[in-house]
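Let me begin by presenting the structure, written as structure tokens, before commenting on it.
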Amino acid sequence: MRTEAGLATLWVMNVAVIIPAAGGSTRYMAAARAEQGLDAARSKLDEDLGGRPLLHRTVEVFTKVRAVRTIIVAGPHDEEAMEEFKRRHGDKLGILGATLCVGGRTHRYETVQNALKLVPVDTTHILVHDGARPCITPEFVEGLLAIAARHAAVVPAVAVADTLKRASKAAVEETREDPLAAILGTAAVQGPALWTVAETVDRSGLYAVQTPQIFEAKLLRRAYEQKDLTSTDDAQLVERLGERVVLAPGDARNLKVTLPMDLLVARAILNARGPETKAAHLRF
């Protein structure tokens, strides 16, 4: 994706990066507890990647991108949780040049909306990136920015490779026979949730969207002036304006850490060692 002409434009771009980090890692912690016990109940952003917390690894990438002038990390909305977030990450993110702000109460778009208030007025482009995607490289980001110099809204994406099925709306009721339950007169053991197939979805033309998503600053600000901000990503708000969103080549390695298994894959991609005796947020 990188060209000499494209990279030359990075010198005149003034990019602000918004990194939403306000989520509670609910799915991650639930899975970690189930696999590893109660001691595993911690945010995925605090997990160890080569001696540094996952969130720090994500932020570090943007300190190496020449066009980036501003980095804003949006933490939890809850006051107590935000104070803990600052205690764990504030000093080190400050060294990386990042500014912290309070995230949204419920939705991701609320978090981005809060961070937008801190974006300098002379910013030309705004880049929004998931805090839990640490495996990108500066070269990947610069390639996307080179495309963003020609298009107002750019989103990395990879073609869907798996066969897709749309499930029925109602789950299949299933219980397992348990002889002991029958003897004791207790309820039967509930089986795993199951659904029937409603249809097979044609995957041609379908893409899985990644971040960073990049927008001309004035376009993203206009998108967030809409009354209805319900969305699953920022590109959806731009689409709602009737503006064109360009899909750029994504990277299969650009995974989002959602479950503990994803963390193992991220460590393999980054060739990063696992945890040591001291928690990652306590190390430099």
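Quick notes on this structure:
- In the stretch 258-278, the residues that are touching a helix residue (DSSP H, G or I) at 6+ places or on another chain (Cβ under 9 Å) and part of a loop (DSSP other than H, G, I, E, B): 258, 259, 272, 273, 274
- Filtering the stretch 210-257 to residues that are assigned to a strand (DSSP E or B) and of a type in the set (Phe, Trp, Tyr) leaves only 215.
- Restricting the first member to the stretch 260-271 and to residues that are within 15 Å of residue 58 (Cα to Cα), and the second to residues that are surrounded by 18 or more Cβ atoms within 10 Å (Cβ to Cβ) and among the basic types (Lys, Arg), the beta-carbon pairs closer than 8 Å and six or more apart or on different chains are 263/44; 270/57.
- Taken as a whole, the structure places residue 224 among residues that are out of contact with any strand residue (DSSP E or B) (no Cβ under 7 Å at 6 or more places or on another chain), within 30 Å of residue 137 (Cα to Cα), touching a residue at least 40 places away in the same chain (Cβ under 8 Å) and surrounded by 13 or more Cβ atoms within 10 Å (Cβ to Cβ).
- In the set (1) modelled with pLDDT of 95 or more; (2) in a helix (DSSP H, G or I); (3) crowded, with 23+ Cβ neighbours inside 10 Å, the condition left unmet by residue 73 is number (2).
- The stretch 266-282, residues that are modelled with pLDDT under 55 and closer than 24 Å to residue 136 by Cα: 281
The values are calculated or read from the model by the stated rules, or taken from the named source; none is laboratory data. Quantities reported herein were computed from a predicted structural model and do not represent experimental measurements. Methodologically, a virtual Cβ is constructed for each residue, glycine included, from the backbone with ideal geometry; neighbour enumeration extends over all protein chains shown.
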